[in-house]
2 protein chains.
Amino acid sequence: MASTGKQVLVTLRKQIADGILKGGQRLAEIPTAESLGVSRMPVRMAFKALEQEGFLTKAGRGYTVRETSPEDITGAIEVRGVLEGLAARQAVERGLDPNVLPTLKQCLRDGDALFVKGHLTDDDFGSYHDMNCLFHDTIVNASHNPAIAEALARNQHLPFASVKALAVDPNQPEREFRRFYYAHLQHHSIVDALERGQSARAEGLMREHANTTLNYADEEQQNERSRRIRRKTSS
Amino acid sequence: MASTGKQVLVTLRKQIADGILKGGQRLAEIPTAESLGVSRMPVRMAFKALEQEGFLTKAGRGYTVRETSPEDITGAIEVRGVLEGLAARQAVERGLDPNVLPTLKQCLRDGDALFVKGHLTDDDFGSYHDMNCLFHDTIVNASHNPAIAEALARNQHLPFASVKALAVDPNQPEREFRRFYYAHLQHHSIVDALERGQSARAEGLMREHANTTLNYADEEQQNERSRRIRRKTSS
DNA sequence: TTGTATTTAATTGGATCCAATAACCGTTGG
DNA sequence: CCAACGGTTATTGGATCCAATTAAATACAA
């Protein structure tokens, strides 16, 4: 039983993330309040919060759902790369807390156990997702630089840009397997660099690791683009 | 005649930035609303916005003014370095817009004109500040990556961390002159790298350029620390 | 004397009301 | 026929009211 305001906030956020509220669409307080069955007040609060989070932009009277171009997404992933790279470097330079390496190595073992079978089930993707979040969060926290986490929080919102929002294409299981396996091998290299105190190497690896997501997002763009073209030619 | 809500927001923001509202201080809606002579509603809105901006943190009932440690500031400046470094690199890699280099070179000429005298007046510091903001904004915008500007906007709030908030120590004019002159020489190197298409060099220079501020903040910390020690020993 | 539980008070969050402003449409004048 | 001005309408922003939750204080029991 979360409070009404939080409920409205997460509902709207999910509707935007899921594309139910399309980019560019105008949002007024009264209709959304009525459709959610609440008063205008929590909606006002949620709109303000969503504006700060970058989901909505104030357009004269009312708000419009922000439209994210593919360039926005690739740019945000690039930002995530340099920020997580900075986190890895600073984590090494400050000296790792004693619990960091054990946690990361457990992540590596968990990932290894997933990949030995040679294929990934839906549950495996979920497990990988959890492990991946823990891995990245651990490194970001190990930097002891709260500004990094704050700056990253801004990017979490864009689809594909966040660590938490890794999408899986169910039609290409073997390609997805290779993609995640490659990412996991990068995790191994990153831990190796952290363990050896190679801060610059850790930073570079972490940047490239974000680029792995970037390449995938690019392919998604390609698919989307070709799909659009196909649609256009077929009409 | 700005709207009441905005007025409350900027007032509270300024009071926090100026230290009138000290770090760790608890803020309740009713007292602040009464002290500002408005109703509770704009204060609620402002509190929510200030929480999103990182000025306030929700502490059970009500909010507390966030206290920024020196480590927070150095960390934020480090973040600014990698973000502006990324901006410089991407600006080169995407190809500079035709108006970027002329704008930057005008900044260099304006700076050169300030430093030829060998000393800086108060007006000169103001001119340098404006030129400096234009220089950095131009590079960030030249990256055509809106995620960078958004991530940077988060850091603007912390004192010393932002480009816009460069402090000048009036007691050490010649030291300040050397500091700004060094920063300006870095500007020259950065423009040189941009012009030659040396993206990695531009990135590294931009990072180091933020570090110049960082060193100053460190000295501020040292001063503050020694001041505190002096106070402690004298008591 | 200390810890826990209950009660009370205060503060926050939600709803409704009212005013102010901005957008849209119609009409009129050039 | 187009543009500009005025009116009307709808939507946002501010204020007040009410309920719910939480924190603090006091009292009671161990």
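Condition first: within 13 Å of DNA strand C (Cβ to nearest atom) and among the polar types (S, T, N, Q). Now tell me which residues in region B:12-34 satisfy that.
Initially, region B:12-34 is screened for residues within 13 Å of DNA strand C (Cβ to nearest atom), giving B:25-34.
B:Gln25, B:Thr32, listed by residue number.
What tally of residues in region B:25-52 results from selecting those that are open to solvent by 20 Å² or more (accessible area, probe 1.4 Å) and part of a helix (DSSP H, G or I)? Quick ask: steps written out before the conclusion?
So the first thing to find is which residues in region B:25-52 are open to solvent by 20 Å² or more (accessible area, probe 1.4 Å), and the list is B:25-26, B:28-31, B:34-42, B:44-45, B:48, B:51-52.
From the residues that got through so far, the ones that are part of a helix (DSSP H, G or I) too are B:29-31, B:34-36, B:40-42, B:44-45, B:48, B:51-52.
Of the residues in region B:25-52, 14 are open to solvent by 20 Å² or more (accessible area, probe 1.4 Å) and part of a helix (DSSP H, G or I).
In this structure, does A:Lys22 turn out to be closer than 26 Å to A:Ser69 by Cα and among the basic types (Lys, Arg)? Spell out how you get there, then give the answer.
Values: closer than 26 Å to A:Ser69 by Cα: yes; among the basic types (Lys, Arg): yes.
Yes.
Kindly indicate which of B:Ala153, B:Ala147 is within 20 Å of A:Val79 (Cα to Cα) and surrounded by 22 or more Cβ atoms within 10 Å (Cβ to Cβ). Full working, then the answer.
Working: B:Ala153 fails: surrounded by 22 or more Cβ atoms within 10 Å (Cβ to Cβ).
The match here is B:Ala147.
Out of the residues in region A:27-47 that are within 8 Å of DNA strand D (Cβ to nearest atom) and among the charged types (D, E, K, R), state the one that is nearest to the other protein chains (Cβ to nearest Cβ). So that I can check it myself, show each step before the final result.
Restricting attention to region A:27-47, the residues satisfying the condition of being within 8 Å of DNA strand D (Cβ to nearest atom) are A:27-31, A:40-41, A:44, A:47.
From the residues that got through so far, the ones that are among the charged types (D, E, K, R) too are A:29, A:40, A:44.
Working: A:Glu29: 14, A:Arg40: 12, A:Arg44: 8 Å.
For region A:27-47, the residue satisfying everything is A:Arg44.
Of everything in region A:57-85, what is of a type in the set (A, V, I, L, M, F, W, C) and within 16 Å of DNA strand D (Cβ to nearest atom)? Give them in sequence order.
Initial filter on region A:57-85 (of a type in the set (A, V, I, L, M, F, W, C)): A:59, A:65, A:73, A:76-77, A:79, A:82-83.
Of everything in region A:57-85, those that are of a type in the set (A, V, I, L, M, F, W, C) and within 16 Å of DNA strand D (Cβ to nearest atom) turn out to be A:Ala59, A:Val65.
For region B:120-235, please list each of the helices (runs of 4 or more DSSP H) lying entirely inside it that holds at least 3 residues being at pLDDT 90 or above and more than 21 Å from the chain's Cα centre (by Cα). Quick ask: steps written out before the conclusion?
Numbers: elements: B:122-142, B:146-155, B:173-196, B:199-234.
Correct list: B:173-196, B:199-234.
Name the one entry in B:Leu9, B:Leu96 that is assigned by TED's automatic domain parsing to the domain that holds B:Ile139, closer than 27 Å to B:His136 by Cβ, of a type in the set (A, V, I, L, M) and more than 15 Å from DNA strand C (Cβ to nearest atom). First the steps, then the outcome.
Values: B:Leu9 fails: assigned by TED's automatic domain parsing to the domain that holds B:Ile139.
It is B:Leu96.
Within region B:62-79, can you find the residues that are at the interface with chain A (Cβ under 8 Å from one of its Cβ atoms), open to solvent by less than 30 Å² (accessible area, probe 1.4 Å) and not β-branched (Val, Ile, Thr)?
Scanning region B:62-79 gives B:Asp72, B:Gly75, B:Ala76.
Please work out which one of (1) modelled with pLDDT under 90; (2) assigned by TED's automatic domain parsing to the domain that holds B:Asn211; (3) under 23 Å from the mean Cα position of the chain (by Cα) is the condition B:Gly81 fails and give its number.
(1)
The values are calculated or read from the model by the stated rules, or taken from the named source; none is laboratory data. Small disclaimer: the values here were computed from a predicted structure and weren't measured. All Cβ positions, even for glycine, are placed from backbone atoms using ideal geometry, and neighbour counts span all protein chains on display. Accessible surface is based on the protein model in full, side chains and every heavy atom, while ligands, DNA and RNA are left aside. Shrake-Rupley method; radii C 1.70, N 1.55, O 1.52, S 1.80 Å.
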